[in-house]
Amino acid sequence: MQETATPWFVDFQDVWLAYNDELLKQNNFAVEAIDLKVKPGEFIAIVGPSGCGKSTFMKLATGLKMPSMGKIRIDGQPVTGPLKVSGMAFQAPSLLPWRTTVDNVLLPLEIVEPFRQQFKHKRREYEERARRLLQKVGLGGYEDKFPWQLSGGMQQRASICRALIHEPKMLLLDEPFGALDAFTREELWCILRDLWTEQRFNVILVTHDLRESVFLADTVYVMSRSPGRFVVKREIDLPRPRELELTYTQEFADIVLELRGHIGAFRKPAAVA
């Protein structure tokens with residue numbers, strides 16, 4: 001029997017995850033009862049206290065972990081393993097020190113099919129794409145430098161370019177700006193905003209920074225303490241394009257304060273189905 005097509009790009013249906021069979025027998029879940037529906041091109045942010053399951057959720061969203069219960073569909077397809085439609089960037093840029101900036105950005109094209117088969121033949125075309133992307137994020141002139149010649153903020157820009165070089169439909173960001181100073185962080189907010197505005201890929205951003213989530217996202221989800229589940233869905237109806245000046249307005253501060261009130265909320269565990 002054919003499944004009905006869904007209008008959602010990301011569709012989590014009552015997803016639970018225990019990390020092994022023993023924990024599953026004990027009803028000891030890392031995340032529970034996750035229901036999430038994300039429209040194509042939507043930018044969502046997930047916030048919550050440390051250890052609440054945000055990174056576990058990301059593993060489910062990338063297909064690196066399979067749920068113990070429930071179903072996940074992304075881009076209309078059931079998730080059965082690691083996704084090719086997504087790019088990822090983490091708090092640590094993890095650039096290879098022996099490769100130049102442009103060669104670090106090209107790395108996914110050397111690994112991910114169908115680009116891998118075509119890499120030698122299309123290397124010049126791919127390199128031009130990488131250089132254009134690096135220029136967009138302010139790294140023009142640094143393409144042939146090595147990671148140790150770049151600041152932390154520059155390395156993170158390169159990391160985002162690497163995540164986008166294969167033009168994924170979805171970008172997953174796990175605390176990507178957490179290790180940076182406040183000014184560099186805000187600079188990168190604006191770079192990410194501009195890339196998303198231009199290309200409208202889906203974004204799932206995991207962050208501890210409430211200001212970051214409100215500035216960037218269409219919708220912010222708050223996760224409860226472990227076992228994690230979404231306890232609040234807050235649509236951010238601030239007009240776009242958003243400039244940094246917005247972050248100093250009362251309207252912006254009120255939304256941040258409202259979300260802060262939900263962080264770390266205690267609740268009773270959900271009943272297992």
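The values are calculated or read from the model by the stated rules, or taken from the named source; none is laboratory data. Note that this is a predicted model, so its numbers are computed, not measured. All Cβ positions, even for glycine, are placed from backbone atoms using ideal geometry, and neighbour counts span all protein chains on display.
Answer yes or no as to whether Asp11 is at pLDDT 95 or above and charged (D, E, K, R).
yes
Is one or more of the residues making up region 12-28 touching a residue at least 24 places away in the same chain (Cβ under 8 Å), under 14 Å from Tyr221 (Cα atoms), surrounded by 13 or more Cβ atoms within 10 Å (Cβ to Cβ) and among the aliphatic types (A, V, I, L, M)?
No: region 12-28 contains no residue that is touching a residue at least 24 places away in the same chain (Cβ under 8 Å), under 14 Å from Tyr221 (Cα atoms), surrounded by 13 or more Cβ atoms within 10 Å (Cβ to Cβ) and among the aliphatic types (A, V, I, L, M).
Determine whether region 218-235 contains at least one residue that is over 21 Å from Ala92 (Cα atoms) and exposed (fewer than 14 other Cβ atoms within 10 Å of the Cβ).
Looking through region 218-235, at least one residue is over 21 Å from Ala92 (Cα atoms) and exposed (fewer than 14 other Cβ atoms within 10 Å of the Cβ).
Go through (1) farther than 30 Å from Met154 by Cβ; (2) surrounded by 13 or more Cβ atoms within 10 Å (Cβ to Cβ) one by one and return the number of the condition Arg131 breaks.
(1)
Filter region 136-162 down to the residues that are polar (S, T, N, Q), assigned to a helix (DSSP H, G or I) and over 30 Å from Gly76 (Cα atoms) and list them by number.
Listed by number, the residues that qualify are Gln149, Gln155, Gln156.
Quick check: anything in region 62-71 out of contact with any Phe, Trp or Tyr (no Cβ under 8 Å at 6 or more places or on another chain), aliphatic (A, V, I, L, M) and either more than 28 Å from Ile263 (Cβ to Cβ) or in the same structural domain as Arg132 (by TED's automatic domain parsing) (or both)?
Looking for residues that are out of contact with any Phe, Trp or Tyr (no Cβ under 8 Å at 6 or more places or on another chain), aliphatic (A, V, I, L, M) and either more than 28 Å from Ile263 (Cβ to Cβ) or in the same structural domain as Arg132 (by TED's automatic domain parsing) (or both), one finds at least one in region 62-71, hence yes.
Between Lys39, Lys71, Lys59, Lys65, which is farther than 15 Å from Phe230 by Cβ, of a type in the set (D, E, K, R) and touching a helix residue (DSSP H, G or I) at 6+ places or on another chain (Cβ under 9 Å)?
Working: Lys39 fails: touching a helix residue (DSSP H, G or I) at 6+ places or on another chain (Cβ under 9 Å); Lys71 fails: touching a helix residue (DSSP H, G or I) at 6+ places or on another chain (Cβ under 9 Å); Lys59 fails: touching a helix residue (DSSP H, G or I) at 6+ places or on another chain (Cβ under 9 Å).
Selected residue: Lys65, the only one of Lys39, Lys71, Lys59, Lys65 that is farther than 15 Å from Phe230 by Cβ, of a type in the set (D, E, K, R) and touching a helix residue (DSSP H, G or I) at 6+ places or on another chain (Cβ under 9 Å).
Looking at (1) under 22 Å from Glu167 (Cα atoms); (2) at pLDDT below 95, which is the one condition that is false for Val31?
With respect to (1) under 22 Å from Glu167 (Cα atoms); (2) at pLDDT below 95, Val31 is out only on (1).
Working only within region 92-143, note down all residues that are of a type in the set (Asp, Glu) and closer than 27 Å to Glu175 by Cβ. Before you say what the answer is, go through the steps one by one.
At the first step, the residues of region 92-143 found to be of a type in the set (Asp, Glu) are 103, 110, 113, 125, 127-128, 143.
Answer for region 92-143, where residues must be of a type in the set (Asp, Glu) and closer than 27 Å to Glu175 by Cβ: Asp103, Glu110, Glu143.
Is at least one residue of region 93-112 buried (at least 16 other Cβ atoms within 10 Å of the Cβ), in contact with a helix residue (DSSP H, G or I) (Cβ under 9 Å, 6 or more places away or on another chain), of a type outside the set (S, T, N, Q) and free of Cβ contacts under 8 Å to residues at least 12 places away in the same chain?
Yes, the conditions are met somewhere in region 93-112.
Among the aliphatic types (A, V, I, L, M), surrounded by 17 or more Cβ atoms within 10 Å (Cβ to Cβ) and within 19 Å of Ala61 (Cβ to Cβ), is that true of Met88? Can you show your working first?
Numbers: among the aliphatic types (A, V, I, L, M): yes; surrounded by 17 or more Cβ atoms within 10 Å (Cβ to Cβ): yes; within 19 Å of Ala61 (Cβ to Cβ): yes.
For Met88, the condition - among the aliphatic types (A, V, I, L, M), surrounded by 17 or more Cβ atoms within 10 Å (Cβ to Cβ) and within 19 Å of Ala61 (Cβ to Cβ) - is met.
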